[in-house]
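Trainee: Got a structure for you, written out below as structure tokens; questions coming shortly.
The values are calculated or read from the model by the stated rules, or taken from the named source; none is laboratory data. Just so you know, these numbers come straight off a predicted model, no measurement behind them. Neighbour counts are summed over all protein chains in view; Cβ atoms, including those assigned to glycine, are modelled from backbone coordinates with ideal geometry. Just so you know, the surface numbers come from the protein's heavy atoms only, side chains and all, with ligands and any DNA or RNA stripped out. Shrake-Rupley method; radii C 1.70, N 1.55, O 1.52, S 1.80 Å.
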Amino acid sequence: MQQLIAFIRKEFYHIFRDRLTTAILLLLPIMMLILVGYAITTEVRNTGIAVYDPSNDIATQAIINKLEASGYFGVTRYLSSPDEIEHVFREGKTGLAVVFSERFYENLMHTGEAQVQLLADGADPNHAITVTNYATTIIASYQQDLLKTSVSGIPYQISPEVKLLYNPEMKGAYNFVPGVMGMILMLICAMMTSVSIAREKELGTMELLLVSPMKPIYIILSKVVPYFFLSIINLTTILLLSVYLLKVPIAGSLFWLIILALLFIFVSLALGLLISSMVEKQLVALLISGMALMMPVVFLSGMLFPVENMPWLLRMISEIIPAKWFIMGVRKIMIKGLTYSSITKELLILGSMAVVLIVVSLKKFKIRLE
Amino acid sequence: MKVVTVQNISRNFGKVEALKDISFDANEGEIFGIIGPDGAGKTTLFRILTTLLLADSGKATVDGFDVIKDYKQIRNRIGYMPGRFSLYQDLTVEENLKVFATVFNTTIEKNYDLIKDIYQQIEPFKTRRAGALSGGMKQKLALCCALIHKPSVLFLDEPTTGVDPISRKDLWDMLIRLKKQKITILVSTPYMDEASLCDRIALIQDGRFLKIDTPAAMTREFDKILWSVQSDTMSKLLADLRRHKKVKTCFAFGETHHITLEDSTLTPGEMKNYLTGLGHTGIEISPIAASVEDCFMDLSGNQTEK
Amino acid sequence: MNVITAENLTKSFGSFTAVDHISFEVAQGEIFGFLGANGAGKTTAIRMLCGLSKPTSGKGFVAGFDIRKQPEPIKANIGYLSQKFALYEDLKVWENIRLYAGIYGIPEKEIGRKTDEILQRLGFENEKNVLVKALPLGWKQKLSFSVAIVHDPRIVFLDEPTSGVDPATRRQFWELIYDAADRGITVFVTTHYMDEAEYCNRVSIMVDGRIQALDTPKNLKQQFDAKNMDQVFHQLARKSKLNGE
């Protein structure tokens, strides 16, 4: 045990003596999130709205007034046809289009129901989401007002239908946070672990460790533990930054989010070990973890591109990418606020991947030079 | 007592035969030198004996334990210093030593006596990172690390390659002191002059042992006539000697040239006449006893054609 | 004619003086042995002479060029070979020769002739198409040396060229050195083999950054009343305050 502790300490020396690497490891998540953060505009002020109002009655007028009165929106255009919407968005002055159904007030009064469409420019999904959320809230408050003054007791129901143009699946900053988490954890755990073991091989110190009574499991643990801690630090930074800087709330259970992250960390560490058992050189370890792990995380995990639209083969490959399941799970828990029962599948898949990979990488660890 | 036994060890890497049918024993408290150039198979042999590689065929034991079956026991009782500097360059001298003490479940204090002589030489630099040490210092630190657990057998793979003559001498003084503590030492070196410091030596070339014996017996058994020849123009002398029909081999050996003769009828006088005739001055010719290097060059047969 | 001149050449790293006011001259075609313990300052001195590192103070001229101001023409006039040979392991023998000939600006039409000449001198005609990594170390060193002087430089710097090389090849290597010196190439060589010090025309011995002795091997042995260069070296290097550091 004392051996192990001394060795873990040694590993921390390696990490912290290399100032540049330490800085990169600790600052990388912060930098990535800040970059993402800049790409997001959460501020909604004076968003131009285009209105298509075929009814032009007291209800639609009231809603438009309410929207303008909020200070968030200002009508820039009245449209004569919904077909103009796309053109208006292209001009760039308009962030939201409000499309009322025909005979809005009449329908509301007689059937108790009326439809309004909120179309936003999905190219900036965060902005779009915020804008439509605000608009929905304002419309809902009009509905409340209406109910209060109602004498007939009819439960008036205005159903806003939200649509994002150009980016219907709302890929964006909200989705970036889980993606960045997946990338950083994979990077720290898999890449750094494999590189640090490969370094011992390259320098020849592994030869000395093997020719000693040091248990292989200790060698492995001493490599894994420091990066485990580092990734926990990174996980914490990412979560704090995303909640307080990017205002991406943790909608669901923090506990299950952490469980999910821990499982993913184990998978990544085991992958790092596995890679290191196959290579002799740091450069090769770096390339393999870069090519075989990071690339799929970026391209196939659904972080940047929707996997659903990819060819069959790529979709199949994406199924075995741990980051895909992790990112999916994080989205469900963190963004959508679903309960743990909704991520049972993700937990099970990551859990079994972790077990299999750890067993295989321990078995693969060489007690000799070949 | 035989501490290391090796029987018919062979090992190939693909098509390359790194070791061919190697057999030898090393006794307790003996310095056994494996002498040969780079690429002769020394490192492969050491790796097999230190349980890092498996031989294709043959058997070997270290301290009574089989190198394959009992590798764990062997790893507990040997010290190993690989050919290239294999310590943590980013850790300090003292930290390196501590790390290796821990690896072997011991402390610096427990075995300080054993390493004291060498460690005292590097102790002034104990807070310096190992990567910033000079070649000789690095080797001394590596030796300390290999000795920290008081091993019964010490494997030193080319500890003096690239090290200056002074540090080499320090290192050998240390080995001779260790030998007195009954530690068996297997050491490989490309420096033939270090052979005489070993109790017994094996000459290795292309994966084969050319000969195993004590340095004295080996040089005694040199069966050719060997002369040392000198003149004022050494580079011309080399060419002229090689042109002589009765000269078998001719090599520069420091300030003189060593020649072996095809036939024993030639006398130094005749040779002197031959050289004087070619315009040489300051000629000195004397029959000499062979050095290990002469033996190696003779046995290896790796000689330039005349 | 002197092709290397050093006058009070000094290099300090912070408070540590690696090379401390060394002065010497090397004549054209001379084989100059540059000896010293590990860390005595040899490599630092060579780096300065090759124009790779600027001296802290002092002057130096190599092939007539100022090492401080004209590092580029110096590089065109010298060859350099370190103990880590500079050949590309995954290229064939002739490809390596061709590559370096190209790097040193040898005209295209001469490269073929040069390549054949080198292969013939080394007796490597049959190994022309062999990958360098398949050659024994000694052969690689011989090839490296030939490649280092492919452009017929005025001076070639050799930093421990024979470390770990087998005895026979080591001697063949020295014969290549003689050969080059006969063609007028000045050879500046470091070694830890003291028998090789005997092969040099003149030898300098560096201790703690200073040149403590400089003369022919014969005179040095007389001066220090020693049987061989090994003893000379030990007498001098033992005086090191840093003890090999």
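Trainee: Count the net charge of all other residues whose Cβ sits under 13 Å from the Cβ of A:Leu26, scoring Lys and Arg as +1 and Asp and Glu as -1. List each step's numbers first, then the result.
Mentor: On the way: positive: A:Arg19; negative: A:Asp18.
Local net charge: 0.
Trainee: Continuing with this model, one more query. Which of B:Lys110/B:Lys180; B:Lys20/B:Lys224; A:Lys93/A:Lys324 have a Cα-Cα distance over 31 Å?
Mentor: Violating the 31 Å limit, Cα to Cα: A:Lys93/A:Lys324.
Trainee: Related question: With heavy atoms of protein chains only and a 1.4 Å probe, what residues of segment B:16-59 have at least 20 Å² less accessible area in the full set of chains than alone?
Mentor: B:Pro37, B:Asp38, B:Arg47, B:Leu52, B:Leu53, B:Leu54
Trainee: Shifting gears a bit: For chain A, calculate the relative contact order in percent as a whole number, restricting contacts to Cα pairs under 8 Å that are 6 or more residues apart. Mind showing how you got there, number by number?
Mentor: Numbers: 539 pairs, mean separation 64.3, N = 370.
It comes to 17 percent, rounded to a whole number.
Trainee: To continue, here is another question. How far is it, in nm, from the label point at A:Val162 to the one at B:Glu123 when both lie 7 Å from their Cα along the line to the Cβ?
Mentor: Taking the simple label geometry, A:Val162 and B:Glu123 are separated by 7.3 nm.
Trainee: For A:Ser196, what is the net charge nearby, where nearby means another residue's Cβ is under 12 Å from its Cβ and Lys, Arg count +1, Asp, Glu -1?
Mentor: Local net charge: -1.
Trainee: Distance check, please: which entries in C:Lys59/C:Lys221; B:Lys138/B:Lys182; C:Lys92/C:Lys140 exceed 21 angstrom between their Cα atoms?
Mentor: Violating the 21 Å limit, Cα to Cα: C:Lys59/C:Lys221; B:Lys138/B:Lys182.
Trainee: Under a cut-off of 17 Å between alpha-carbon atoms, report the lysines in cross-link reach of A:Lys201, not counting same-chain residues fewer than 8 places apart.
Mentor: Counting by Cα, and skipping residues close in sequence, A:Lys201 has these lysines nearby: A:Lys10, A:Lys215, A:Lys223, A:Lys281, A:Lys364, A:Lys366.
Trainee: Set Lys and Arg Cβ to +1 and Asp and Glu Cβ to -1, take the dipole of chain C about its Cα centre, and tell me which of C:Ala101, C:Phe145, C:Leu35 lies farthest positive.
Mentor: Going by the charge dipole, the pick is C:Leu35.
Trainee: To continue, here is another question. Which residue, chosen from B:Phe222, B:Met234, B:Ala252, occupies the Cα position most advanced towards the positive end of the dipole of segment B:152-252, where the dipole is computed from +1 (Lys, Arg) and -1 (Asp, Glu) charges on Cβ about the Cα centre?
Mentor: B:Phe222
Trainee: Now for a separate question. With solvent modelled as a 1.4 Å probe, how much accessible area in total do chains A and B shield from it at their shared surface, in Å² to the nearest 100? Before the final figure, lay out each step's value.
Mentor: Numbers: alone 18580 and 14810 Å², together 30650 Å².
The buried area between A and B, both sides summed, comes to about 2700 Å².
Trainee: Could you name every residue in segment C:146-175 that has 20 Å² or more less accessible surface in the full protein assembly than in its own chain alone (probe 1.4 Å, ligands and nucleic acids excluded)?
Mentor: By number: C:Ser163, C:Gly164, C:Asp166, C:Pro167, C:Ala168, C:Arg171, C:Gln172, C:Glu175.
Trainee: Quantify how strongly other chains surround peptide C:35-42 by giving the mean number of their Cβ atoms within 10 Å of each of its Cβ atoms. The partial results should precede the final answer.
Mentor: On the way: counts 2, 2, 9, 13, 7, 3, 0, 1.
Taking the mean over all residues of the peptide, I get 5.
Trainee: Could you tell me what percent of the accessible area of segment C:107-245 is made up of carbon and sulfur, with a 1.4 Å probe and every protein chain present?
Mentor: Here carbon and sulfur together make up 45 percent of the probe-accessible area.
Trainee: Another question, if that's okay. Percent of Cα-Cα pairs more than 20 Å apart in segment A:47-165, please.
Mentor: Working: 2608 of 7021 pairs.
Tail of P(r) above 20 Å: 37 percent of Cα pairs.
Trainee: Counting only other chains, and only Cβ atoms inside 10 Å, what mean value do you get across the residues of B:180-191?
Mentor: 1
Trainee: Still on this structure: Can you work out the FRET efficiency for the pair B:Ser196 and B:Asp263, with r the C-beta to C-beta distance and R0 = 30 Å, to the nearest 0.05?
Mentor: 0.50
Trainee: Same structure, new question: Note every residue of segment B:213-257 with a reduction of at least 40 square angstrom in accessible area, all protein chains present versus the isolated chain, computed with a 1.4 Å probe, or write none.
Mentor: The answer is B:Ser235, B:Ala252, B:Gly254, B:Glu255 - residues whose exposure falls by at least 40 Å² when every protein chain is included.
Trainee: Report the one residue of B:Ser291, B:Thr107, B:Thr44 whose Cα lies farthest in the direction of the positive end of the charge dipole of chain B (charges on C-beta: Lys and Arg +1, Asp and Glu -1; origin at the Cα centre).
Mentor: B:Thr107
Trainee: Tell me the per residue accessible area of the protein assembly as shown using a 1.4 Å probe; a whole number in Å² is fine.
Mentor: Numbers: 39410 Å² over 921 residues.
Solvent-accessible surface per residue comes out at 43 Å².
Trainee: Still on this model: Can you give the helix-only mean residue ellipticity at 222 nm for chain A, where every DSSP H stretch with n ≥ 4 adds -39500 (n - 2.57) and the sum goes over all residues, rounded to the nearest 500 deg cm²/dmol?
Mentor: -19500 deg cm²/dmol
Trainee: Net charge around B:Arg129, counting only other residues with Cβ within less than 13 Å of its Cβ (Lys, Arg = +1; Asp, Glu = -1)?
Mentor: 0
Trainee: Which aspartates and glutamates have a Cα lying under 20 Å from the Cα of A:Lys363, excluding residues fewer than 8 positions away in the same chain?
Mentor: In chain and number order, the partners are A:Glu200, A:Glu207, A:Glu280, B:Asp70.
Trainee: Report the percentage of all Cα-Cα pairs in chain C whose separation exceeds 24 Å, rounded to a whole percent.
Mentor: Value for chain C: 46 percent of Cα pairs lie more than 24 Å apart.
Trainee: Could you tell me which trypsin sites (Lys or Arg not before Pro) in segment A:262-364 are loop residues by DSSP with no more than 12 other beta carbons within 10 angstrom of their beta carbon?
Mentor: Working: sites: A:Lys281, A:Arg315, A:Lys324, A:Arg331, A:Lys332, A:Lys336, A:Lys345, A:Lys363, A:Lys364; in loops: A:Lys281, A:Lys336.
Here the sparse-neighbourhood loop sites are A:Lys336.
Trainee: In debye, nearest 20, what is the charge dipole magnitude of chain C about its Cα centre with +1 on Lys and Arg Cβ and -1 on Asp and Glu Cβ, if you could check?
Mentor: Around 460 debye, computed over chain C.
Trainee: Using 1/(1 + (r/R0)^6) with R0 = 51 angstrom and r between the beta carbons of A:Ile34 and A:Lys281, what's the FRET efficiency to the nearest 0.05?
Mentor: Efficiency computed from Cβ-Cβ geometry: 0.90.
Trainee: Taking the Cα atoms only, what angle lies between the long axis of helix A:173-186 and the longest principal axis of chain A, rounded to 10 degrees?
Mentor: So the helix axis and the longest Cα principal axis differ by about 0 degrees.
Trainee: Tell me, what % of the accessible area of chain B is carbon and sulfur with a 1.4 angstrom probe? Could you put the intermediate results ahead of the total?
Mentor: Working: 5790 of 12100 Å².
Accessible surface attributable to carbon and sulfur in chain B totals 48 percent.
Trainee: Compute the long axis of helix B:135-147 from its Cα atoms, compare it with the longest principal axis of the Cα atoms of chain B, and write down the angle in degrees, 0 to 90, nearest 10.
Mentor: 50
Trainee: Heavy atoms only, probe 1.4 Å: what % of the accessible area of segment A:1-117 goes to carbon and sulfur, would you let me know?
Mentor: C and S atoms contribute 54 percent here.
Trainee: Let me ask something additional. Take the alpha carbon atoms of segment A:267-299, find their center, do the same for segment C:158-181, and report the distance between the two centers in whole angstrom.
Mentor: With segment A:267-299 and segment C:158-181 each reduced to a Cα centre, they are spaced 43 Å.
Trainee: Could you size up the charge dipole of the protein assembly as shown around its Cα centre, putting +1 on the beta carbon of Lys and Arg and -1 on that of Asp and Glu, and report it in debye to the nearest 20? Present the calculation step by step, with values, prior to reporting the outcome.
Mentor: Working: 100 positive and 96 negative charges, 289 e Å.
It works out to roughly 1380 debye.
Trainee: Continuing with the same structure: Return one number: the angle in degrees, 0 to 90 and rounded to the nearest 10, between the long axis of the Cα atoms of helix A:193-203 and the longest principal axis of the Cα atoms of chain A.
Mentor: 30
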